[in-house]
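Only the coordinates and a few stated rules stand behind these numbers; no lab work does. For clarity, every value in this text was computed on a predicted model and none was experimentally measured. Methodologically, a virtual Cβ is constructed for each residue, glycine included, from the backbone with ideal geometry; neighbour enumeration extends over all protein chains shown.
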Amino acid sequence: AVKAGTANITVTTVDGGLTATAAVTVEAAVSKPGDVTNVKVVPGDQQLAFTWEDPADITQVKFVVSGGTDTVVYTVDQGVESSVVTDLANGTEYNIHLSTIDADGNESDGFSVKGTPKAASQVDTTSPREVTGQKVIVSDQKLILSWTDPTDSDLDSIKISGHGDTETADVFVDKGVETYTFEGLRNRTQYEFLITTLDTHGNESSGIVVVGTPRANDDGNTSSGGSGSTGNTSDGAEVNDNGQVSVKPTLNANGKAAAKLGAGTMKSALEKATGDTLQIKVEAAANRNELEIELPVDELLSNGSASINTIEVDTGFATVTVSTKLISRSSEAAKNVTISVAKADVSRLPAETQDQLKDAVVYDFNLAVDGKKVSEFDGRSDVQVAVPYELQPGEHPNKVVIYYISDNGELKVVTNGKYNAETGNVEFKPKHSGKYAAAYVEASFKDVTKAWAKDSIEALAARGIVSGMGEGQFKPDGKVTRAEFITMLMNVFGLTDANATTTLSDVKAGAWYYDQVATAYQLGIVSGRPNGSFGVHEEITRQDMAVMAYQAANHVQLQLSGSASEAFTDRLAISDYAQKAVAAMQAEGIINGMGNGEFAPKQQATRAQAAVIIHAILDRM
């Protein structure tokens, strides 16, 4: 092969009579990078928003936007995969040519798309309807997902994402295909996927979660369906037409109330179940203070049932809901799960703890899989507990809290606990097995009188998430620093890691905010400034508050199911990096405007505004 460059080539005839020399320039072959794919153009008021997927061999994406009176040329770094062009003319069709550039400066041929900005009143912000009839067919090392597309005329595609602990690249399926197969999966491991719909305007639905567990084709634990056990079973349990189980406990050798479901009961319940929760009601005597129930789960897990995500056990004095995913994670071949609930002896707690709890009932929850205790949960989807609480005259539901009682008697607030007025229960998602109690905490401030923020501030104060400024004052109009807001946010989600570290220049080890900022930085919830700092003492802007809240909610996979809202009138003043977060938080109702249709993105947030956002997030956990 001849290298690139200039060479002299001499040619001589065979008889040596003629000789000629010529200079030849050889140019290296140019290898062009690949183009972007899955380009979406979303028209807005005087703007066009773009999303796409980058190929691996590029450093930049180049945009040439032409139309109207000007041509705009700019580049976006690899990995960003979104951009917004503003100050465009509504009603004018623009041609956008996209090409890619690699590290050697080579540029792809590219291609063009078109888009027409629309006035705010013309922009479609309605999410498409969800898919229906979703099913999961299990097979050896694979799961086959199928569904029926909605009939929306502007439906573009279906997106399938990993959900919960399932990590997988997003998959986009064209409308009309209505199926996708995941291969190379691990047998007897539960996988969870979120199916959302996308329309041509860039709107995305909240999504529907499906689960399945691959199994070998020769696995004997398959369900043929249709056998339909009814009425009483050999263990004395009853299964109704909806798959709900009722069972009466007996006294075990230790004199404790206990129940044990047989495999036949579980099989019948699974065949009849109509929802995603298997419900079990234990008909215990009203004076029972403790109960233990054992459930066979091998049939449930090995079937890879897409319909059952959780098992709910109502003991009569407390309800415990356990995810099948937690069971699978605790043991790959789990056969039995034991759930025990007891009203603990309060007199065994330290006197100071008893004084704080007053007359509160203390519940002790424990979980075991195949006889091995499972004591740590994710605080989100693994376990949910509901205990009764009688609201007294004058008590506000927002100030009812749940305490976790450690082995040394220390009380720690479970921030996601909240009172459900419809059921009369306090519901919470614990991170540990052990002792819990519901109690009322009075919290109020002299200077908090505005209805729009009062409930939020007092609810957070009752949980120790915010505190006053002395002399019974909260100072709701005071400003909030970036360190203060991220600390509140991390404490609400329970994400703080005492071992986290950071290289942010102004985040000093030992500072009251260090653990929270360091954890947020490691998790990608916050990032540093170009100068390597975080800006700990700077007053946080409303748009940065929205971004941090959005990033934290995404990290814990908080389901945001809000519908689209009318866009803020000053949305063009929102920085590009904050556009998506502000839109999502607004649609969910977590952030609101200033009363005049504006968001005021770069205005400093007040303590009251921060409290309202934090409480809105807490209410959705």
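Quick look at the numbers
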{"item": "Sorted peptide list for 452-459, 48-55, 475-482, 343-350, criterion being average Cβ within 10 angstrom, highest first", "result": "452-459, 48-55, 475-482, 343-350"}
{"item": "Peptides 294-300, 410-416, 582-588 ordered by average Cβ neighbours within 10 Å, highest first", "result": "582-588, 294-300, 410-416"}
{"item": "Cβ-based exposure ranking for GLU290, GLU471, in which fewest neighbours within 10 Å come first", "result": "GLU471, GLU290"}
{"item": "Distance from the range 588-613 to the range 370-423 (C-alpha centre basis), Å", "result": "30"}
{"item": "Expected-Rg normalisation [2.2 N^0.38 Å, Cα atoms] applied to the chain", "result": "1.19"}
{"item": "Radius ratio Rg over Rh of the range 463-621, counting only Cα atoms, Kirkwood formula for Rh", "result": "0.95"}
{"item": "Estimated dipole of the range 451-619 in Debye, rounded to 20 [Cβ of Lys and Arg +1, of Asp and Glu -1, Cα centre]", "result": "180"}
{"item": "Orientation-averaged projected area, Cα convex hull of the range 231-440 (nm²)", "result": "12.2"}
{"item": "Cα centroid separation, the range 255-283 to the range 43-119 (Å)", "result": "57"}
{"item": "Cα shape, the range 91-219, gyration tensor, a/c 1.5 rule", "result": "oblate"}
{"item": "Fewest-first ranking of ASP154, ASP104, using other Cβ atoms within 10 Å as the exposure measure", "result": "ASP104, ASP154"}
{"item": "The chain, helix-only ellipticity at 222 nm - DSSP H runs n ≥ 4, -39,500 (n - 2.57), divided by all residues, nearest 500", "result": "-5000 deg cm²/dmol"}
{"item": "Members of LYS40/LYS431; LYS118/LYS159; LYS372/LYS399; LYS62/LYS135; LYS372/LYS435 lying beyond 30 Å, as alpha-carbon distances in this model show", "result": "LYS40/LYS431; LYS372/LYS399; LYS62/LYS135"}
